[in-house]
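To start, the structure itself, in structure tokens.
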Amino acid sequence: MKTVIRVTGVGRYLPERILTNDDLSRMVDTNDEWIHARTGIRSRHIAADGETTSDLAKIAAENALKSAGLTSDDIDLIVLATATPDLTFPATATMVQEKIGMRQGAAFDVGAVCSGFVFALATADGLMRNSGFKKALVIGAETFSRILDWSDRTTCVLFGDGAGAIVLEADQVDDDVQIGLLGHHLRTDGAHKELLYVDGGPSATQTVGHLRMVGNQVFKHAVVNISGAVKSLLENAQVDHDSVDWFVPHQANQRILDGVAKRLSVDSAKIVSTVGKHGNTSAASVPLALSEAIDDGRIKQGHLILTEAMGGGFAWGANLFRL
Ligand code: UT7
């Protein structure tokens, strides 16, 4: 027998308010045609005044618990990925712990920006295998609307708010059973900070700051880095990409999804895309897309799933699991 870490529940939450490209065209010098042609985005959700990252994460977490048939009493670990915490500290994960009524275990945040969920999943997997945690919530939750410069058309049209969560459970299975989390590939390169960063922070400026990005440069790195991560992960796991049932990528830009698919010769019908209606929700985008594709029946029990992301840091990576 061997220990496996299985994905047993998924959940998501999107704030009620929808901001369309036409709405944005009344705020900055842009239009639906440019935004859709360059990114695939038509609309995104924006958190209400006073609605925080932990509020979004709480609902996504509760929906994931419900889908796993568990309550917060069963959970002993929360790993939450965010670049938009409610406060500088304590960790947003501990606020979610309190909000869902969880009084045991441990909760902490992981910061890898748009790749946060990929890093959080690998972190939770390691802790569950090596530190005795049995049932975990892994959450990606963001309110990027709070760090956008709403006068900068090159960035404000790209992002949205939301949260996605999954439940992981440790289980014992026969040695030949290939189920649950099967591998991860994590990478960072701190040499490109000026291409994607927030120009504020408690230590440097004592302000929250705004997101700054040289989009076309990030775009080129994204396609190359994501393709490399996927290749490395599949090689290490000795899995052919044709065996992967679904690719669930970070949703930054439809053209990045298409570019990676072309580079890896992946059939675009196997790629889950939600960027059109969510925009780029940073760490929330992978679990949001995963949850949607499981709920609408595309992703089924037994399917082999590959998740991938790239963003600020640069940080990028991929995860492989069988549902
Ligand atoms: O998730 C974290 C990682 N982030 C990403 O992966 C984002 C990566 N980058 C991208 O998705 C794309 O680079 C963008 C969508 C940000 C931009 O698309 P692009 O095809 O790379 O356009 P560009 O930045 O080269 O700009 C082309 C033109 C420029 O005008 P000029 O200089 O050619 O006259 C921009 O000023 O488009 C102009 N432009 C806009 N026009 C209308 C930039 N933003 C807008 C806008 N509306 N919102």
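Worth a mention:
- Residue count for the stretch 131-148 under the criterion of being buried (at least 24 other Cβ atoms within 10 Å of the Cβ), of a type outside the set (D, E, K, R) and within 16 Å of the ligand (Cβ to nearest atom): the result is 4.
- Residue list for the stretch 279-305, restricted to those being in a helix (DSSP H, G or I) and either aromatic (Phe, Trp, Tyr) or more than 16 Å from the ligand (Cβ to nearest atom) (or both): Leu290, Ser291, Glu292, Ala293, Ile294, Asp295
- Put simply, of Glu235, Glu169 the only residue that is over 22 Å from the mean Cα position of the chain (by Cα), among the charged types (D, E, K, R) and over 30 Å from Thr30 (Cα atoms) is Glu235.
- Matching residues, the stretch 123-172, being β-branched (Val, Ile, Thr), within 21 Å of Val110 (Cβ to Cβ) and part of a helix (DSSP H, G or I): Thr123, Ile147
- Here Pro202 clears all of (1) within 12 Å of the ligand (Cβ to nearest atom); (2) part of a loop (DSSP other than H, G, I, E, B) except the condition numbered (1).
- Within the stretch 25-54, if we keep just the residues that are in contact with a Ser or Thr (Cβ under 6 Å, 6 or more places away or on another chain) and more than 26 Å from Leu87 (Cα to Cα), the residue that is surrounded by the fewest Cβ atoms within 10 Å (Cβ to Cβ) turns out to be Asn31.
- Scanning the stretch 46-73 for residues that are free of Cβ contacts under 8 Å to residues at least 40 places away in the same chain and either out of contact with any Gly (no Cβ under 6 Å at 6 or more places or on another chain) or farther than 21 Å from Arg103 by Cβ (or both) turns up Ala48, Asp49, Gly50, Thr71, Asp73.
- Checking Ser43 against (1) in contact with a Lys or Arg (Cβ under 7 Å, 6 or more places away or on another chain); (2) more than 30 Å from His303 (Cα to Cα); (3) in contact (Cβ under 8 Å) with a residue 60 or more places away in the chain, the condition it does not meet: (2)
- Any hit, the stretch 245-262, residues being of a type in the set (S, T, N, Q), part of a loop (DSSP other than H, G, I, E, B) and away from the ligand (no atom under 13 Å from the Cβ): no
- Restricted to the stretch 157-174, and to residues there that are in contact with a helix residue (DSSP H, G or I) (Cβ under 8 Å, 6 or more places away or on another chain) and among the acidic types (Asp, Glu), the residue that is nearest to the ligand (Cβ to nearest atom) is Asp161.
- Residue within the stretch 12-30 that is without any contact (Cβ under 8 Å) to a residue 12 or more places away in the chain and away from the ligand (no atom under 16 Å from the Cβ) present: no
- Residue under evaluation Ser151, criteria (1) within 16 Å of the ligand (Cβ to nearest atom); (2) surrounded by fewer than 16 Cβ atoms within 10 Å (Cβ to Cβ); (3) within 22 Å of the chain's Cα centre (by Cα), criterion not met: (3)
We did not get these values from a lab; they are worked out from the coordinates using the rules stated. Source: prediction; values computed, not measured. Glycine also receives a Cβ, built like all others from the backbone with ideal geometry; neighbour counts cover every protein chain displayed.
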